[in-house]
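S.K.: So that we are looking at the same thing, I have put the structure below in structure tokens.
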């Protein structure tokens, strides 16, 4: 009981301090579509509050957001002081970032990352990731979202529609084995939560002799099965074979594989189009690319060409990787992600597909209803409102009135 109360209070503090202001004042150069999108995001942000607190929510947000924004402004400038030097704002740098964050309802990180202190900046053209996540939730139906969140159901969906995805070796839930493959385990296997995750609790097991190691100790297959039985009592787990990477994209010294995040959008007519893509590399020492500070490279949708990250504030201190100039089997990767989105039941406006490249062709690892918008804008330094993604949001929000 005490734990639940503590978690609820923590959530309310988060809503008060990090949700921004309860309303949005458009920038002078904002378009009508920008304003509609941002005001919709503000309305949905207020809906996150419990009903009994909604009358007080605007006041709490107005009191707490400025304090949190000032703290974040000071922190972000420790890592990126050049953001204010470029515009001659060294003397009042943190205050300049803070004021811009409050004025345009963006986090201080966004203000710095997207160079909103520049005189010609267009703050409302940079699509706010938190607001857009709420808009996706408002537009999407529950069925496809639950399917994407459940890795077992997603594997079944891919198999049904002939889409390449890693098969499941073991599925454990509630301490019981739900799926077991009698075939010998491959030399490299991946353990992950069966639902959600965002790279959390992912373990890579590598065969050594008669056992497997996670990098810390060597254990037997039976020990791994016992471990799955134990941890699955609180969180369902699956085992999948690790995909062998395409020779052109293997990175020495990096545990995990480069993963392409390919974003697709479905228009009200039912047509599915590519919205954007980037290649994500794990931080050295990490297996999952969304843990720690990775490295993203924009991918040209027309031919799969890679270009250097244009991030104003680099997300990692690692050197740019030595990769091919073009992603292998790019057109096939586009085909399978469009086909996957087309086959999804219900209404799913946008999906971010994680695709890995093997010697046998691209393979879909998973689909995400949070599409990776922030990383796309960060790596390209191009406001998403100026892309097909902005058109997609405008069409759907116009239909909603």
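The values are calculated or read from the model by the stated rules, or taken from the named source; none is laboratory data. Note that the structure is predicted; figures quoted are calculated from it, not measured. Note that each Cβ is placed from the backbone with ideal geometry, even for glycine, and that neighbours are counted across all protein chains shown.
S.K.: For the structure I just gave you, tell me whether residue 192 is part of a strand (DSSP E or B), closer than 29 Å to residue 367 by Cβ and under 25 Å from the mean Cα position of the chain (by Cα).
M.R.: yes
S.K.: Of the residues that make up segment 93-106, is at least one buried (at least 22 other Cβ atoms within 10 Å of the Cβ), assigned to a loop (DSSP other than H, G, I, E, B) and modelled with pLDDT of 90 or more?
M.R.: Yes, segment 93-106 contains at least one residue that is buried (at least 22 other Cβ atoms within 10 Å of the Cβ), assigned to a loop (DSSP other than H, G, I, E, B) and modelled with pLDDT of 90 or more.
S.K.: For segment 153-169, which positions are part of a loop (DSSP other than H, G, I, E, B), in contact with a helix residue (DSSP H, G or I) (Cβ under 6 Å, 6 or more places away or on another chain) and loosely packed, with under 15 Cβ neighbours inside 10 Å? Step through it out loud before you land on a result.
M.R.: Narrowing segment 153-169 to residues part of a loop (DSSP other than H, G, I, E, B): 161-169.
From what's left, in contact with a helix residue (DSSP H, G or I) (Cβ under 6 Å, 6 or more places away or on another chain): 161, 163, 165, 168.
Across segment 153-169, the qualifying residue is only 161.
S.K.: Just to verify a result, which residue in segment 134-152, among those that are closer than 27 Å to residue 15 by Cβ and in contact with a helix residue (DSSP H, G or I) (Cβ under 7 Å, 6 or more places away or on another chain), is surrounded by the fewest Cβ atoms within 10 Å (Cβ to Cβ)?
M.R.: The qualifying residue surrounded by the fewest Cβ atoms within 10 Å (Cβ to Cβ) is 138.
S.K.: Name every residue in segment 55-75 that is buried (at least 20 other Cβ atoms within 10 Å of the Cβ) and free of Cβ contacts under 8 Å to residues at least 40 places away in the same chain, in order of residue number.
M.R.: Residues satisfying the conditions are 69, 72, 73.
For (1) surrounded by fewer than 19 Cβ atoms within 10 Å (Cβ to Cβ); (2) over 15 Å from residue 104 (Cα atoms); (3) out of contact with any helix residue (DSSP H, G or I) (no Cβ under 9 Å at 6 or more places or on another chain); (4) at pLDDT 90 or above, each residue gets a yes or a no:
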| position | (1), (2), (3), (4) |
| --- | --- |
| 3 | yes, yes, yes, no |
| 6 | yes, yes, yes, no |
| 11 | yes, yes, yes, no |
| 14 | yes, yes, yes, no |
| 38 | no, no, no, yes |
| 44 | yes, yes, no, yes |
| 47 | yes, yes, no, yes |
| 50 | yes, yes, no, yes |
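S.K.: Right, next: If you go through segment 170-184 one residue at a time, do you hit one that is crowded, with 17+ Cβ neighbours inside 10 Å and out of contact with any helix residue (DSSP H, G or I) (no Cβ under 8 Å at 6 or more places or on another chain)? Outline the logic, then answer.
M.R.: Filtering segment 170-184 for residues crowded, with 17+ Cβ neighbours inside 10 Å gives 170-173.
Still in the running and out of contact with any helix residue (DSSP H, G or I) (no Cβ under 8 Å at 6 or more places or on another chain): 173.
Yes, the conditions are met somewhere in segment 170-184.
S.K.: Here's a follow-up. Looking at segment 283-401, what strands (runs of 3 or more DSSP E) fall wholly within it and have at least 3 residues that are at pLDDT 95 or above?
M.R.: Details: elements: 295-298, 350-358, 361-368.
Once the strands (runs of 3 or more DSSP E) in segment 283-401 are filtered for at least 3 residues that are at pLDDT 95 or above, what remains is 350-358, 361-368.
S.K.: Test residue 259 against the criterion of being at pLDDT below 95, surrounded by 14 or more Cβ atoms within 10 Å (Cβ to Cβ), touching a strand residue (DSSP E or B) at 6+ places or on another chain (Cβ under 7 Å) and outside the structural domain of residue 304 (by TED's automatic domain parsing), and give yes or no. I'd like the intermediate steps shown before the answer.
M.R.: Details: at pLDDT below 95: yes; surrounded by 14 or more Cβ atoms within 10 Å (Cβ to Cβ): yes; touching a strand residue (DSSP E or B) at 6+ places or on another chain (Cβ under 7 Å): yes; outside the structural domain of residue 304 (by TED's automatic domain parsing): no.
So residue 259 does not fit the description; no.
S.K.: Something else about it: Output the number of residues of segment 170-189 satisfying the condition of being modelled with pLDDT under 90, closer than 17 Å to residue 232 by Cβ and either under 20 Å from the mean Cα position of the chain (by Cα) or not in a strand (DSSP E or B) (or both).
M.R.: Residues meeting the conditions: 1.
S.K.: Further, regarding this structure: Quick one: in segment 345-363, of everything that is over 24 Å from residue 134 (Cα atoms) and surrounded by 22 or more Cβ atoms within 10 Å (Cβ to Cβ), which residue is nearest to the chain's Cα centre (by Cα)? If you could, list the steps in order and put the result at the bottom.
M.R.: At the first step, the residues of segment 345-363 found to be over 24 Å from residue 134 (Cα atoms) are 355-363.
Now drop any that are not surrounded by 22 or more Cβ atoms within 10 Å (Cβ to Cβ), which leaves 355-357, 362.
Numbers: 355: 13, 356: 16, 357: 19, 362: 20 Å.
The selected residue is 355.
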